[in-house]
1. Write down the radius of gyration of region D:140-185 and its Dmax, each obtained from C-alpha positions, in Å.
2. Students often get this wrong, so check it: of B:Lys46/B:Lys87; A:Lys139/D:Lys179; B:Lys65/D:Lys179; B:Lys64/D:Lys179, which have C-alpha atoms separated by over 31 Å?
3. Loop-only trypsin sites (Lys or Arg not before Pro) in region A:1-86, please: DSSP not H, G, I, E or B, and at most 13 other Cβ atoms within 10 Å.
4. Considering only DSSP states other than H, G, I, E and B, which trypsin sites (Lys or Arg not before Pro) in region B:92-121 qualify as loop sites with at most 15 other Cβ atoms within 10 Å?
5. Taking a virtual spin label 7 Å from the Cα of A:Trp110 along the C-beta vector, which residues in region D:159-200 bring their backbone nitrogen under 15 Å of it?
6. Considering amide H positions built from the backbone, and no H for Pro or chain starts, which residues 5 or more places from B:Val86, or on another chain, come under 5 Å of its amide H?
7. Where in chain D are the DSSP H helices whose C-alpha atoms run 20 Å or more along the long axis and whose mean Kyte hydropathy is at least -1.0?
8. Looking only at other chains, what is the average number of their beta-carbon atoms within 10 angstrom of each beta-carbon in A:110-120?
Amino acid sequence: MATSKTPYACIGLAVTLLVWGSVWGLFYAPAETYMGDVQRIMYAHVPTAWNAMLALSFAFLCALMSLWRSEMAWDNRLEAALEVGVVLSALLCMQGAIWAKPTWGVWWDWDPRLTTTAVMVFAFGAILALRQFVEDPVKRATWSAVATVIAFADVPIVYFSVRWWNSLHQLQSSPETVSKAFHWPLRINAFGILFLMIGLISLRTRVAALRREEELAPPLPETAPRRAPIAEGARS
Amino acid sequence: MSRGRWAAIGALVAAGAALLAITAGGIGQNLVYYWGPTELHAAGPKAVGASIRLGGLVAPGSIKKGEGASHVEFDVIDRPGGRVHVKCTGVPPQMFREQIGVVVEGTMDKAGYFDGRRLMVSHSNEYRVPGDGEAVDVQKAMRSTQGLDERPKPKEP
Amino acid sequence: MNTGVIQGGWEFVWAAYAVTATILTGYGLSIFSRYRAALRRRSAAGPGVTR
Amino acid sequence: MTHLLAALRKDFLLQWRTRAQAIAVYAFGASALLLFSFAVGPVAATLREHAAGFLWLGLLLSSTLTLAESFHAEAEQHALEGLLLLPVAPAALYYAKALANAAALSLMGAALIPVMVILYDAATPRVPALLGIVLLGSAGLSAPGTLYAAMTSQARARQTLLPLLLFPLVVPVLLAAVKATSLIIHGDPMGQIRSWSLLLVCFNVIHWSLCGLLFERVVED
């Protein structure tokens, strides 16, 4: 069991970067031509979007590795990446709604990216729910890996079908379409959330590994009778 | 190689091809997200009473306050040259201005104007400092909102 | 009448940053507390219980 | 291939023997269609406009019942484990079950169409096209549905888990099927039915191949 301080270092670095980038973005970066100060939400929203996608892609990779190698370590990482990815995607939806109100004039619109992100929250969140209801660690690992692969394959189909159905969101921003003055706060915050994500995923992986250890080697009944695996499953 | 392995590869290839067809195959090219003014006129009486999303640019110099506190009237134009007069209830978002892409939900009135119930402003994927001299790639800007947002260069400060 | 430029809107900016900070901090703390609880449970079970 | 046919025969036999339950599920779907009209109100124009959406929601809700029960017989008495001991590719078992489910769902969808026509006044002369969309949509629901049913039939809380896992996944099926059905009923001035049907076909190809591939991993011990 790794007990290094690396995740804490990552999180500490992340907090420093996020404070730096956000202060820059909120107080020193210029306002946008038309959106004015509201555009400052971008420094939180866009890095969250990038990293949510990154976390869920990592979950997909973990699922493939878990199916291929059948190692519990990959299942632990899968659980961690899924949870962090779902939290970031849910956060992304909320930030998006807050940004949409002053710019588009509505809180929500059934636009491809909004809808796809919401669908992703539910699709991957459901896999986390599935994990709660399966006691056998091996079955849980296989099933959640299978469900992750299918859900991930579904994301582009959802995106394109919703896009044909309706579209309002602007295309992906690229460095060319964003003024240079906005780049640095965006980059700093992107790396901030990236390090936060890495720290959280590795810490969450340890939680998953510890739980797995408990399940596979239940403690002796006289020392802690409450923690038998069956009781663990019944509680969750 | 065993039969099962071949079947697995075949399945993956089929899935990949179908995924490619959806993402890059242009299946949905004729699915329009909004009706433009030209299409609206072409539809004629069919558009009256049907719930429609009208998309286009706000024509320059056409915005005026309608009767009532929260009414706004403007013309929506599209590239083929169609023009529809829109009467919209509700307070427009602050980004609303001339030459911005809008999507209006509503229906065509018998009197020949578009009765809008919900007005949304479509933003392009560009974020600019006021007076930034960087050239705006019109082609890209047009593509960015499916031809809705022919954004003018930012005004000089 | 509209100028085409959003005036103010700082309340939306603050709301977005507050939501972000709250969720990320809360989630981080929840992971930390879960980690601590798991470690405590393992040390309570004694050093003999390993895989 | 003979294995697939044998498994198919078994699954159709199962479906036939549990027809009483299928009729109950159909009654559930029809009553859901009835309830949608109360949610919207008795305005004929609104009901007609949303008829396609209601039809597919009714079919989707009923499908979770059909799918959740589809592995009931196998889960009882550990029959699935017995089947897996046979020298039969698990994929054959999956495809047989998924085909049987698709058949049951399209039958149900076809039977729900008259209810929709009567309740929402949404008649159309293009019945073959409508049936085609029902077939494609049912196949799209049953491909991932059968796989998840196999999973959740062995888990606790399967009635909750199956829709939770399945609903976000079948958003494209629902969108395409509703759009195509709506265009068939209300007319298709821009020729868009083809695009939506192609989307349904692509979704089916992806899920029928991918789920068949992964089924073995789901049921193996």
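1. Reported Rg and Dmax, both Å: 12.9, 41.
2. On the way: B:Lys46/B:Lys87 19 Å; A:Lys139/D:Lys179 38 Å; B:Lys65/D:Lys179 37 Å; B:Lys64/D:Lys179 37 Å.
As for pairs spanning more than 31 Å Cα to Cα, those are A:Lys139/D:Lys179; B:Lys65/D:Lys179; B:Lys64/D:Lys179.
3. Here the trypsin sites (Lys or Arg not before Pro) that fit, given the DSSP loop and packing criteria, are A:Lys5.
4. On the way: sites: B:Arg97, B:Lys110, B:Arg117, B:Arg118; in loops: B:Arg97, B:Lys110.
Sites meeting the loop and neighbour criteria: B:Lys110.
5. D:171-183
6. B:Phe74, B:Asp75, B:Val76, B:Phe114
7. Values: long enough: D:2-17 (22 Å, 0.04); D:19-40 (32 Å, 1.55); D:51-70 (28 Å, 1.29); D:90-120 (43 Å, 1.49); D:127-152 (36 Å, 1.44); D:171-186 (22 Å, 1.76); D:193-219 (38 Å, 1.31).
The qualifying helices are D:2-17, D:19-40, D:51-70, D:90-120, D:127-152, D:171-186, D:193-219.
8. Details: counts 0, 3, 1, 0, 0, 2, 1, 0, 2, 5, 1.
So the per-residue partner count for this stretch is 1.
Quick note: the coordinates plus some simple rules give every number you see, no bench work behind them. Predicted model only: the values in this text are computed from it and were never measured. Positions of Cβ are generated from backbone atoms using ideal geometry, with glycine treated the same way; all protein chains shown enter the neighbour counts.
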